[in-house]
Every structure is written in structure tokens, then in C-alpha cells.
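Down below is the structure, laid out as C-alpha cells.
The values are calculated or read from the model by the stated rules, or taken from the named source; none is laboratory data. Source: prediction; values computed, not measured. Counting neighbours? That spans all protein chains shown, and the Cβs are built from the backbone with ideal geometry, glycine included.
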Amino acid sequence: MKRYLAFGCLMGLLGLAVGTSSSEWINNLTHPSGIAYAVQPGVAAGVDSSPNWEVRPGAGNSLTPEEQTNIYVYEHANPSVVNINTRSVQIDRFFMMQRESEGSGSGAIIDKSGHILTNSHVVDGANEVEVTLASNKTYTAVLIGEDKEHDIAVLKIQAPSKELTPIVLGTSENVRVGQRVYVLGNPFGWDGTLTTGIVSSLNRDLPSRVPGRAMKSLIQTDAAMNPGNSGGPLLSTNGEMLGMCVAIATKTGQNAGVGFAIPIDRIKMIVPELIEHGHVVRADIGITHVMETESGLVVARLAPNGPAERAGLQGFRRVVQRRQQGPVIYETETVDRSHADRILAVDGEAIRTGARFLDKILEYKPGEVVYLTILRDGQQLEIPVTLVEE
């Protein structure tokens with residue numbers, strides 16, 4: 001099955017077509033109850049069929065608990081969400097002409113110093129970047145740092161601290177499938193748009209913008225994401241940021257109910273590096289694939305001659321068998337999983353998911369030593385691994 005991915009930068013203009021007269025518009029209005037008031041067939045002549053517009057005390061003001069939560073999330077988080085507009089100049093090498101293009105996305109204020117969190121692809125190649133706050137005040141932004149592999153960028157604006165409301169960062173460690181979530185951003189340039197849904201799945205992997213790499217352990221949601229939502233927050237019912245919208249799976253370029261967000265715990269690890277260095281200095285442990293089980297992470301594949309393999313860790317083994325029949329030699333390959341190590345903890349911290357394992361390694365610098373607690377042939381061992389620069 002083919003999978004279609006769209007990275008949600010808004011490009012071009014949005015037009016509204018008005019193709020009906022005012023009378024047609026009114027006649028097509030339908031009350032939420034499903035009754036079209038403009039046309040009521042079957043009413044006897046002389047009978048007053050006009051709707052009762054009497055307002056009962058308290059009517060229209062009662063909100064369900066779900067509606068109250070929706071409103072709370074919006075009012076709590078919207079002051080922290082920004083609209084990002086970009087302008088780029090591209091050279092048409094065939095006609096030797098310059099072409100200007102515009103795009104837009106979303107972002108979130110993360111501190112009083114004016115740092116803005118968004119996706120790397122939102123500002124990729126931009127010559128000018130402007131950030132519009134919820135107060136409608138617009139500021140020129142500069143790119144402080146970016147990590148294209150995880151599609152994370154940090155911008156900065158020079159705005160008075162009193163105008164900046166940092167978003168509340170939650171944790172993605174305990175996010176569960178079925179949990180209600182919200183997306184807040186600027187789809188198609190419509191700023192301050194809130195949509196809601198659930199966490200559809202966890203630990204999804206998508207191709208990275210860096211060839212040969214992947215964005216791992218993403219959160220999948222059916223909350224509507226569209227072009228322009230990129231870089232906006234995925235929120236909990238407490239209004240806390242659980243992740244950052246990054247991509248949708250679609251054939252049309254618009255929402256199809258399959259959106260993805262970068263877990264906030266990974267973002268927390270990367271952003272300080274971007275602010276300090278402009279890029280991420282990553283440590284590599286040399287474990288390329290693991291399998292999640294209830295009793296730890298099974299090492300599936302090791303980087304050849306990488307840190308983990310040099311430290312003695314064992315992954316799956318390829319077993320090649322050859323069989324000759326006459327002049328023809330047949331070769332079959334199987335995978336032996338019986339000798340693979342099972343990772344239980346990193347430096348004493350129990351590890352349950354591949355996402356947490358990746359985030360834990362991000363805490364270290366190249367040259368540092370981590371101690372992996374593993375299970376091998378029923379025995380618990382502690383293996384030191386010296387990390388290298390990725």
C-alpha cells in the first residue's frame with residue numbers, strides 16, 4: 001500500500017467563491033436540529049408557522065462538560081500560538097528570472113525571551129520570516145537553529161516580554177491511544193483555529209527530510225490538520241503541549257484524519273541545543289532497531305562496528321543456508337532471534353519504549369559512557385557503552 005505524506009506549509013492564495021443569491025443562501029440554511037426554517041411544507045393556511053424566538057432564562061448559556069473543556073483549552077493556549085509567514089526568492093535558471101513565493105505555518109511561544117518553536121520545513125529556504133501574535137502584532141523573526149532530521153526549528157523575535165505568553169509544556173511519556181487531544185494553529189491562514197480528536201496510535205515512523213533517516217516514535221491523531229498547521233501544538237485537555245504537528249498522510253494535500261506530531265519530550269531535549277549551538281550535537285549508541293516487548297527492548301539490529309557492537313551487545317543474527325541441487329545452488333536466509341539481548345534499563349532508568357530509549361540517549365554527549373542493563377540467556381548484565389558523535 002502506498003502512503004502519501006504532505007508537509008503542511010501553506011502555499012498560494014485561498015479564494016472564496018460566492019455563487020448563490022441571498023435568497024438561495026437563506027433558503028439553504030439549516031437549523032442544528034435538522035429543521036430548515038425557511039421552508040416548511042405541509043403547514044395549513046392561516047396557521048402561524050413562524051418559529052418561537054422567545055428566549056428562556058439561561059437558554060443558550062448551558063455548556064456540556066466537553067464544551068467547557070474545549071473552551072478552556074482554547075482560551076488557555078491560544079495566546080501562546082503564533083502565525084508564521086515566510087517569503088522566499090527563487091531563481092528560475094531556465095528563464096534567468098527571480099520568482100517570489102510565500103508560505104505560512106504555525107508556532108508556539110516557549111519563553112519570555114521571544115523564542116518561537118516551529119517546524120524546520122515551515123521556514124526552509126525563507127528570506128524573510130514574520131511572526132504574528134494572537135494580539136495581531138507582527139514581528140520580524142530570525143532563525144536561531146534547526147534540526148532537519150527531526151523537523152524542529154527555533155526562531156526569535158524582539159518583542160516586549162509582557163506581550164509573550166509561553167505555552168505550557170506537558171509530557172508525552174504517558175500519552176495513551178484513545179486520549180483526547182487538540183490541534184491549534186493556522187490552517188489555510190485561518191489563525192486561531194481549534195480542532196479536536198483522539199490519539200489514534202503511537203510510535204509511528206515517517207521518512208525524515210534528511211535522506212536515509214527517519215522521524216521516529218511520532219504521535220498519530222485524527223484531529224484535523226491541514227496546510228498551515230505545521231509547527232502548531234498538539235494539546236491535552238489541560239491545555240498543555242504534548243507534541244508539535246509535523247505532517248499529514250493524504251492523497252489530496254488536505255486533512256484525511258491521519259496526522260502526526262513530534263513528541264514534546266523529544267523536543268525538550270533538542271531545543272536547548274538549538275538555542276545554544278544552532279544545531280544538535282548528537283551522541284550515537286549504534287543500535288539501529290529495537291523491538292518493544294512487555295519485558296524490555298529486544299535489540300534487533302546493530303550498526304556494524306558501532307559502539308554497541310564493540311561493547312559486546314548482540315542483536316538478531318542472519319543465518320544463511322545453501323543447498324545444492326544438481327548444478328544449481330539455492331540460498332535461503334532466516335533470522336535467529338534467540339541470542340538477541342533485551343535492554344531493561346539505561347543508567348538505572350527502566351526503559352519501556354523505543355521513544356524513551358532514543359530520548360534518553362539524546363541526554364548524553366559524544367564520548368560519555370552509558371550503562372545498559374540487559375537480559376541475556378536469563379542472566380542480567382550491565383554493559384558499558386562509550387557513545388560517539390553521530
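Here are the numbers for the structure shown:
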{"item": "Single condition K148 does not satisfy, out of (1) in contact with a Lys or Arg (Cβ under 6 Å, 6 or more places away or on another chain); (2) farther than 28 Å from T196 by Cβ; (3) crowded, with 18+ Cβ neighbours inside 10 Å", "result": "(3)"}
{"item": "Enumeration of residues in segment 255-271 that are modelled with pLDDT of 95 or more and either over 15 Å from the mean Cα position of the chain (by Cα) or of a type in the set (A, V, I, L, M) (or both)", "result": "A261, I262, I264, I267, V271"}
{"item": "Qualifying residue in segment 318-330 (condition: of a type in the set (F, W, Y), assigned by TED's automatic domain parsing to the domain that holds L375 and touching a residue at least 40 places away in the same chain (Cβ under 8 Å))", "result": "no"}
{"item": "From the options I374, I351, I383, residue that is under 13 Å from V298 (Cβ atoms) and either touching a Phe, Trp or Tyr at 6+ places or on another chain (Cβ under 8 Å) or small (G, A, S) (or both)", "result": "I351"}
{"item": "Residue within segment 368-379 that is closer than 25 Å to E173 by Cβ, in contact with a helix residue (DSSP H, G or I) (Cβ under 6 Å, 6 or more places away or on another chain) and not in a strand (DSSP E or B) present", "result": "no"}
{"item": "Identity of the residue in segment 203-219, part of a loop (DSSP other than H, G, I, E, B) and without any contact (Cβ under 8 Å) to a residue 60 or more places away in the chain, that ends up farthest from E102 (Cα to Cα)", "result": "G212"}
{"item": "Criterion (assigned by TED's automatic domain parsing to the domain that holds P366 and under 30 Å from G367 (Cα atoms)) met by exactly one of I262, I287, I270", "result": "I287"}
{"item": "Residue, nearest to G296 (Cα to Cα), within segment 309-342, restricted to residues that are among the hydrophobic types (A, V, I, L, M, F, W, C) and part of a loop (DSSP other than H, G, I, E, B)", "result": "A340"}
{"item": "Residues being β-branched (V, I, T) and surrounded by fewer than 17 Cβ atoms within 10 Å (Cβ to Cβ) - total across segment 273-317", "result": "4"}
{"item": "Selection status of D151, at positive phi and touching a residue at least 24 places away in the same chain (Cβ under 8 Å)", "result": "yes"}
{"item": "Strands (runs of 3 or more DSSP E) completely within segment 89-202 that count 3 or more residues being not aliphatic (A, V, I, L, M)", "result": "97-109, 128-132, 138-147, 180-185"}
{"item": "Some residue of segment 334-352 being touching a residue at least 60 places away in the same chain (Cβ under 8 Å), closer than 23 Å to D265 by Cβ and not assigned by TED's automatic domain parsing to the domain that holds I270", "result": "yes"}
